[in-house]
Every structure is written in C-alpha cells, then in structure tokens.
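The values are calculated or read from the model by the stated rules, or taken from the named source; none is laboratory data. Computed from a predicted structure; not experimentally measured. Virtual Cβ from ideal backbone geometry, glycine too; neighbours counted across all protein chains shown. Quick note on the areas: whole protein, heavy atoms, side chains included, nothing else; ligands and nucleic acids left out. Shrake-Rupley method; radii C 1.70, N 1.55, O 1.52, S 1.80 Å.
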Amino acid sequence: MLPALLLLLAAPFLAAQREPVLVPEVSQSRIEVRQGFTGASLLLYGAVIAPRGAAEDYDIVVVLKGPTEPVRIREKERLAGIWMNAGASDFRSAPSFFAVASSRPVSEIVDERTAAIYELGTDFIQLSPSGEIDPEEQARFASGLVALRRKQGLYQEDPNGVRISEGVLYQARIELPSNVTTGRYTAETFAIARGRVLASATAQIEVEKVGLEGQVVAVAQRWSFLYGLGAIALSLAMGWMAGRLFARG
C-alpha cells in the first residue's frame, strides 16, 4: 500500500513533467528456491503518469532478464550414421533467462532498429561472441541458442501479456520455470508512443537458494578449495564402501 500511497501523493507533481513517468512494482522482490521448487509466477505492475494535458495512448513492454553467463553452443552433424560435434561457438554473456511481455506485438509498436536497441524480443538479445567468427555462422549459432532456451522455457515472449487499465495502470505476469538460475534479475519497463520509447524504469528481483541447497552453495562459494577437497574425500569414501559391500556379496 505504501508505494500506491506515495504514487497518489506525487501524481500532481509528476504530471507537470514534459515526459511520462513510469512507477514500476513487482509482486515479489525475493524468490526463494527450495528443494522441490516448481517455479514461480511473477507479477509486474505499476502506473504511467502522463504529462498534464497529454492525450497519449501508451504501449507497455516489460523485459525480464536473468544473470548473464558464458555459454558454448555445439553443432552436431551426422557422419556415417553417427551424430558428432561438427562446430562450436562461445558467447561471453548470454542471459540465463529472458522474457518479454507487451501490450500488443512489438512489431506493431516499434521498428526493428528500436527493438534491437532496447532488446524488445528474443530475436534482439545482444549476445557477446568470443573470438572471431563469420557473421552468418554467428547468427546461426545465436539462433540455435535462442531456440534451445525457448524449448527449456528460459526464453519467452508474450505479445499480449500486458494489460493496461484506464491508460494509466498496467500489469504483466511472467512465469519462472523450475530450472531458473539463481541471482539478480532485472525487470525493465518501457512506455512507448508513436514508435518512440518515452520513459523507462527498472526493478530488481533476487532469486536465491535457501535451506540445505542454499547452505551447500554458500559453502561452495565461500570455501571453494575446502569444498572441493570434501567432495573428493566423499567420493573416495563412497567408492571404498561400495567396493567393500560388493566384495562381501
């Protein structure tokens, strides 16, 4: 209720601005990943405060990005009836999760150049390839990465995923699958009119592992060397015990 109250109090002052102002909110600023986590439904909502006297109809686009990570994509070819790795491409910073929701198809809101600048779609994700690679080959590997992560539910697009009420309030719901990467997520909201991005705002969401899994991750990150020694010792002990059991049998 506090953000809504502050919004109402600030509305007369915000309306005096020349450009619209976005006030974004998220239903959960922290998502806990526990054992048996099946995913989460994230509601992104807020308001567009238009300049006084303006009569614009705004479109809203929401882009949710997960932490970036290095990725290697391999291409397989069938040789002599056997599928083998034929080529590979590395990307230094691919988003682990990427979702776009808009009030109508992005192609009807902005041109391709604007969509590419603001990454308003899975076709416009700005990947960073490492090393020298032919542009056509790079595009093929990038397309393969996007297609793979779409199948995994990690890259999403919903061209009618944003609802706008009274031209002021908006809301969008994005589903996070169970295989999401933990870390900081960024939700960017854009108010668009006449093919131009007139306002943008950002909200942060933390996705964290908790419970036993979270403790294991914390130990692995804080004391990585000791964690590695412990993992090796545990593997050796399990192997020795298995050998003893089979020897008795």
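Listed values, structure above:
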read-out: Residue ID - surrounded by the fewest Cβ atoms within 10 Å (Cβ to Cβ), chosen from residues in region 22-42 that are under 22 Å from R104 (Cα atoms) and within 14 Å of the chain's Cα centre (by Cα); value: S41
read-out: Residue pairs meeting the criteria (Cβ under 9 Å; at least 6 apart or on separate chains; first in contact (Cβ under 8 Å) with a residue 60 or more places away in the chain, in region 23-51; second basic (K, R) and surrounded by fewer than 19 Cβ atoms within 10 Å (Cβ to Cβ)); value: E32/K209; V33/K209; R34/K209; F37/K209; S41/R173; L42/R173; L43/R173; L44/R173
read-out: Only listed residue being open to solvent by less than 70 Å² (accessible area, probe 1.4 Å) and in contact (Cβ under 8 Å) with a residue 12 or more places away in the chain, chosen from R149, R104; value: R149
read-out: Residue match in region 116-125 (condition: touching a Gly at 6+ places or on another chain (Cβ under 8 Å) and at pLDDT 95 or above); value: no
read-out: F97 being closer than 24 Å to F124 by Cβ, of a type in the set (F, W, Y) and modelled with pLDDT of 90 or more; value: yes
read-out: Residue count for region 154-182, restricted to those that are open to solvent by less than 20 Å² (accessible area, probe 1.4 Å) and small (G, A, S); value: 2
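Residue by residue, here is whether (1) in contact with a Leu (Cβ under 9 Å, 6 or more places away or on another chain); (2) over 30 Å from L198 (Cβ atoms); (3) at pLDDT 95 or above holds:
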position: V48; (1), (2), (3): yes, no, no
position: I82; (1), (2), (3): no, yes, no
position: F91; (1), (2), (3): yes, yes, no
position: E108; (1), (2), (3): no, no, yes
position: E132; (1), (2), (3): no, yes, no
position: G144; (1), (2), (3): no, yes, no
